[in-house]
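Shown next, in structure tokens, is the structure this report addresses.
The values are calculated or read from the model by the stated rules, or taken from the named source; none is laboratory data. In this text, all values refer to a predicted model and were calculated from it rather than measured experimentally. All Cβ positions, glycine included, derive from the backbone under ideal geometry; neighbour counts span all protein chains shown.
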Amino acid sequence: MSAIDTDRFRELLVEERKRVVAALQNLHDDHAGSLTEESGEETAFDNHLADTATETYDRELDYTLEENSEHVLADIEAALKRIDDGTYGICTSRGEQIPVERLEALPWATLCIDCQRDRERR
């Protein structure tokens with residue numbers, strides 16, 4: 001197996017971290033207030049039921065995107081720490097090197113593809 005170019009992956013991770021942080025900031029900027037503040041209505045009852053449902057759905061979708069982005073950000077930070085520790089690119093289940101192709105697709109991967117598939121089947 002060839003050695004992993006950790007400098008290249010560090011750059012990829014840092015760039016992805018910037019992208020995720022910007023996305024999170026955008027979500028926060030889009031929803032700085034409560035639903036009532038955003039709708040401009042005195043009460044939720046002033047708005048049509050369908051409008052309120054759409055706003056609620058959009059807010060929930062954004063919360064889900066935000067939560068996912070926060071998980072990705074934590075995974076990126078952990079991957080950067082593994083680079084510093086010298087354990088980057090090692091499957092945490094088998095202890096073998098994760099193929100470079102997998103790391104290129106998902107630079108914060110902690111499992112080889114076989115172990116990831118096993119985990120998803122459970």
Only listed residue being modelled with pLDDT of 95 or more and under 28 Å from LEU24 (Cα atoms), chosen from LEU73, LEU65: LEU73
How many of the residues making up region 15-48 are of a type outside the set (S, T, N, Q) and modelled with pLDDT under 75? 13
So is LEU65 touching a helix residue (DSSP H, G or I) at 6+ places or on another chain (Cβ under 6 Å) and either part of a helix (DSSP H, G or I) or within 27 Å of ARG8 (Cα to Cα) (or both) or not? no
Report, ordered by the first and then the second residue, all pairs with beta carbons closer than 9 Å, sequence separation of six or more or different chains, a first member in region 61-82 that is free of Cβ contacts under 8 Å to residues at least 24 places away in the same chain and polar (S, T, N, Q), and a second member that is in a helix (DSSP H, G or I) and loosely packed, with under 12 Cβ neighbours inside 10 Å. none
Extreme residue, farthest from ALA109 (Cα to Cα), among residues of region 47-76 that are surrounded by 13 or more Cβ atoms within 10 Å (Cβ to Cβ) and among the β-branched types (Val, Ile, Thr): THR52
Would a scan of region 104-115 turn up a residue that is among the hydrophobic types (A, V, I, L, M, F, W, C), part of a loop (DSSP other than H, G, I, E, B), touching a Ser or Thr at 6+ places or on another chain (Cβ under 8 Å) and in contact (Cβ under 8 Å) with a residue 24 or more places away in the chain? no
Residues located in region 6-20, provided they are in contact (Cβ under 8 Å) with a residue 24 or more places away in the chain and within 21 Å of PRO99 (Cα to Cα): THR6, PHE9, ARG10, LEU12, LEU13, VAL14, GLU16
In region 94-103, which residues are assigned to a helix (DSSP H, G or I) and free of Cβ contacts under 8 Å to residues at least 60 places away in the same chain? GLU101, ARG102
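Each row is one residue, and each column tells you yes or no for (1) more than 21 Å from ARG19 (Cα to Cα); (2) exposed (fewer than 13 other Cβ atoms within 10 Å of the Cβ); (3) of a type in the set (D, E, K, R); (4) in contact with a Pro (Cβ under 6 Å, 6 or more places away or on another chain).
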position	(1), (2), (3), (4)
LEU80	no, no, no, no
GLY89	yes, no, no, no
PRO99	yes, no, no, no
GLU104	no, yes, yes, no
ILE113	yes, no, no, no
ARG117	yes, yes, yes, no
In the list ASP58, ASP84, which residue meets the criterion of being under 22 Å from ASP7 (Cβ atoms), out of contact with any helix residue (DSSP H, G or I) (no Cβ under 7 Å at 6 or more places or on another chain), assigned to a helix (DSSP H, G or I) and of a type in the set (Asp, Glu)? ASP84
